[in-house]
Every structure is written in C-alpha cells, then in structure tokens.
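Q: What follows is a structure written as structure tokens; I'll ask about it next.
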Amino acid sequence: MDRNLQRLVDALTLERLEENLFRGVVTDTHVKRVYGGKVLGEAINAAQSTVEKDRTIHSVHCYFLREADSNKPVIYEVDRSRDGGSFSARRVVAIQYGRPIFTMDSSFHKEESGLEYQVAMPDAPPPDEVERLSFKDIDLTKAPPNVQRFVNISAPFEIRPIENYTAQLPVGTEPIRRVWIRAVEPLPDDFELHREVLAYFSDYGLLSTLLIPHGIRINDRRLRMASLNHAMWFHRQFRIDEWLLYVCEGLSYAHSRGLTRGRFFRRDGTLVVSVAQEALVRLVEDDG
C-alpha cells in the first residue's frame with residue numbers, strides 16, 4: 001500500500017484497553033492541535049467496535065470542546081446507550097489530560113429496503129478533465145508547520161479541485177466548492193474503514209467555503225478558525241478508493257460563527273454522504 005495511505009490507516013487504528021475503552025495513536029505532530037478529522041474517524045471506529053456487524057453507522061453528531069494535543073494519544077470511552085431491534089445508539093467521549101475534548105452521538109441501523117429519493121448531483125466535469133492538486137513546488141523542509149500538515153492530510157488522496165483551493169476570488173463569489181477525491185490506491189473491502197477514511201477527509205476544506213464571498217484566503221494571517229460541531233449522515237454504500245465528488249457550500253456567517261454543508265456523490269450521481277459543520281471564524285489584527 002502507498003506509504004501515505006498506510007500511515008492514515010495506521011493513524012485511525014485504535015488499541016482496545018477495555019470493553020468500551022480505546023486509545024488512539026500519536027501522528028501528525030507538525031502543529032499542537034490535532035486535525036479534527038482524525039478525532040472524528042477514530043471516534044467512529046471506537047463506536048463501531050461495540051456494535052454488531054450487521055449494523056452500520058448512519059448518523060453522527062459531534063462537538064469539539066477543547067483543543068486536542070497532537071503530542072499525546074486520545075482516549076475514547078464508549079457508552080452503549082441503546083441496542084434495539086433495528087437501531088443501536090452509542091455516545092463517545094474523547095479524553096485528554098482527564099478532560100473531555102470531543103463528544104459524539106452516533107446511530108447504527110440494520111440494512112433495510114424502502115422508498116428511494118435523492119437530490120441530483122450538481123453539474124461537474126469528470127475527474128479526468130480536472131487537474132490534480134499538487135504540492136511538488138513546495139519545499140516542505142522550509143514550509144511552516146501548518147502548511148506541512150495540510151500537505152500531509154492531502155497526501156493519502158488524489159484530489160482534483162474544480163474550483164481553485166488557494167486562489168483569492170473576487171468579493172461576492174458564490175460560496176461553493178466542488179472537488180473530486182479518492183484514495184491514492186485501493187483499500188481492503190472493509191467498508192467500516194472506508195467510512196472512517198471519508199469522515200477523516202470530510203473536515204478538509206469544508207470551512208474555507210465561508211471565506212469565498214469575502215475574498216479571503218485560507219492562509220490570511222488575520223484568520224482564526226476552529227470547528228465547533230460536525231454532523232454526518234451515511235445514506236448509501238461507497239468506496240473511498242473510487243471517485244467521489246465532494247460539493248461544499250457555505251450557508252451562513254454571522255456573529256463569528258459560520259455554517260457549511262457538504263455532500264459526497266459517487267461518479268454515477270448517487271448521493272452517499274451528507275455533512276454539516278459549524279465553526280468559529282474570526283479576523284484579528286495582524287500580530288506581525
């Protein structure tokens with residue numbers, strides 16, 4: 001397996017300490033704060049590990065409570081809230097230094113057949129007509145730590161953004177970004193892993209759509225952003241090693257809080273996952 005992809009798979013692997021207690025691994029120490037997608041992916045892994053195999057996750061609702069220290073492993077405690085005839089509910093608390101840093105409520109469901117409907121996939125050029133995101137011109141040995149981490153988060157994926165990730169767009173531009181993504185190499189037929197990896201990626205670039213209407217770039221030195229909460233709904237099966245279109249849209253920005261939503265579509269137009277995230281977004285005086 002590709003070295004970067006294997007590193008991601010290893011990063012989402014948990015050590016089981018007790019029946020409902022798990023420990024994550026320390027990775028990505030370029031900056032002090034842990035990437036939120038890693039905590040989310042690990043929490044889903046912990047919750048799924050306590051549920052019968054015939055029940056798969058269909059929704060998560062998370063709150064980021066405190067900054068997670070990337071130099072220390074995160075402990076995940078799972079509360080087996082309910083096991084019913086068709087659904088199971090789990091609550092996960094992520095802990096560092098004896099305090100909760102993150103909570104997640106999740107629900108699992110046995111597969112059932114029923115009515116079908118979905119919104120249409122937005123128009124988008126196919127991935128083979130979109131240029132791949134590349135960092136080959138960046139000297140990582142001289143790059144700031146936050147840039148190094150951005151590159152490392154991207155490394156396990158082939159990313160083809162339809163709208164430029166880093167360009168400063170005119171003020172008033174519609175806050176929508178579309179990007180084709182897939183893992184750089186095939187992954188095993190472990191669909192729990194595919195969901196965890198997609199959850200990891202779902203935190204990537206979503207909040208930056210809030211900046212588009214203001215003509216602000218993500219590397220603006222005045223900018224301070226932090227995820228407050230994150231929700232996901234898993235509608236249908238997918239593979240993260242096959243092309244998915246991630247459509248991100250900024251919905252509201254007021255009182256220093258911004259709300260975004262995202263949708264993942266298979267290449268055939270099937271909606272597989274929906275995402276929503278709220279964040280703290282502040283502009284502060286340039287401290288030089």
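Q: Please sort 156-162, 95-101 by packing, taking for each peptide the average over its residues of neighbouring beta carbons within 10 angstrom, highest first.
A: Numbers: 156-162: 20.3, 95-101: 13.0.
For the peptides 156-162, 95-101, the packing ranking is 156-162, 95-101.
Q: Quick one: Kirkwood hydrodynamic radius for the chain, alpha-carbon pairs, angstrom, one decimal?
A: 19.7 Å
Q: Running a GNM on the chain with Cα contacts under 10 Å, which residue among ASP79, ASP268, ASP203 ends up with the highest mean-square fluctuation?
A: It is ASP268.
Q: Taking the Cα-to-Cβ direction at SER49 and at GLU185 and moving 7 Å from each Cα, how far apart do the two end points lie in nm?
A: Taking the simple label geometry, SER49 and GLU185 are separated by 2.5 nm.
Q: Step through the residues of the stretch 174-187 one at a time and calculate ³J(HN,Hα) from phi using the Karplus curve (6.51 cos²θ - 1.76 cosθ + 1.60, θ = phi - 60°), rounding each to whole Hz and writing x for Gly and Pro.
A: Along the stretch 174-187, the couplings run 4, x, 10, 9, 10, 8, 7, 9, 6, 5, 5, 9, x, 10 Hz.
Q: Can you list residues from other chains, or at least 5 along the same chain, whose modelled amide H is less than 5 Å from the amide H of GLU242?
A: Amide H neighbours of GLU242: ALA183.
Q: Next question. Pull up all non-local amide H partners of SER59: gap of 5 or more, or a different chain, and H-to-H distance under 5 Å with H placed in the peptide plane.
A: Those qualifying (amide H under 5 Å, at least 5 residues apart or on another chain) are SER107, PHE234.
Q: Test of understanding: extend the Cα→C-beta vector of GLU111 to 7 Å, then name every residue of the stretch 243-277 with backbone N under 17 Å from that spot.
A: Under cut-off, by backbone N: 271-273.
Q: Provide the FRET efficiency to the nearest 0.05 for the GLU77-GLU129 pair, computing r from the beta carbons and using R0 = 45 Å. Please list the in-between numbers first.
A: Values: r = 47 Å, r/R0 = 1.03.
About 0.45, to the nearest 0.05.
Q: Sticking with this structure for a sec: Counting alpha carbon pairs within less than 8 Å and at least 6 residues apart, what relative contact order, in whole percent, applies to the chain?
A: Values: 594 pairs, mean separation 51.8, N = 288.
Relative contact order of the chain: 18 percent.
Q: Continuing with this model, one more query. In whole angstrom, how far apart do the alpha carbon centroids of the stretch 227-288 and the stretch 200-223 sit?
A: First find each Cα centre; the distance between them is then 11 Å.
Q: Could you check which residue among SER70, SER106, SER81 shows the biggest mean-square fluctuation in a GNM of the chain with a 10 Å Cα cutoff?
A: Looking only at SER70, SER106, SER81, the largest GNM fluctuation is found for SER81.
Q: Same structure, new question: Would you please give the FRET efficiency between ALA155 and THR270, computed as 1/(1 + (r/R0)^6) with r the Cβ-Cβ distance and R0 = 30 Å, to the nearest 0.05? The partial results should precede the final answer.
A: On the way: r = 27 Å, r/R0 = 0.91.
Efficiency at R0 = 30 Å is approximately 0.65.
Q: Suppose we keep just the alpha-carbon trace of the stretch 186-288; what are its Rg and Dmax in angstrom?
A: According to the Cα coordinates of the stretch 186-288, Rg and Dmax are 15.5, 49 Å.
Q: Okay, next question. Restrict the search to the stretch 198-288; then list the GluC sites (Glu not before Pro) that DSSP places in a loop and that have at most 16 other Cβ atoms within 10 Å of their Cβ. Walk me through the numbers on the way to the answer.
A: Details: sites: GLU242, GLU249, GLU278, GLU285; in loops: GLU242, GLU285.
Filter output for the stretch 198-288: GLU242, GLU285.
Q: Which FRET efficiency value, to the nearest 0.05, is calculated for HIS61 and LYS136 with the Förster distance at 35 angstrom and r the Cβ-Cβ distance?
A: Details: r = 39 Å, r/R0 = 1.10.
According to the calculation, E is roughly 0.35.
Q: How many nm separate the modelled label positions at VAL119 and ARG23, each set 7 Å beyond the Cα in the direction of the Cβ?
A: In this crude spin-label approximation the distance works out to 4.3 nm.
Q: With labels modelled as points extended 7 Å from the Cα through the Cβ direction, what inter-label distance (nm, one decimal) is found for ASP10 paired with ARG217?
A: Spacing of the two 7 Å Cα→Cβ label points: 3.4 nm.
Q: I need the phi-derived Karplus couplings for the stretch 208-222: 6.51 cos²θ - 1.76 cosθ + 1.60, θ = phi - 60°, integer Hz, Gly and Pro marked x.
A: For the stretch 208-222, the Karplus curve yields 5, 4, 5, 7, 4, x, 9, x, 9, 8, 5, 9, 4, 5, 7 Hz.
The numbers here are math on the coordinates, done by the rules we state, and not lab data. Model, not experiment: these values are computed from the prediction. No Cβ is skipped: glycine too gets one built from the backbone with ideal geometry, and neighbour counts run over all protein chains shown.
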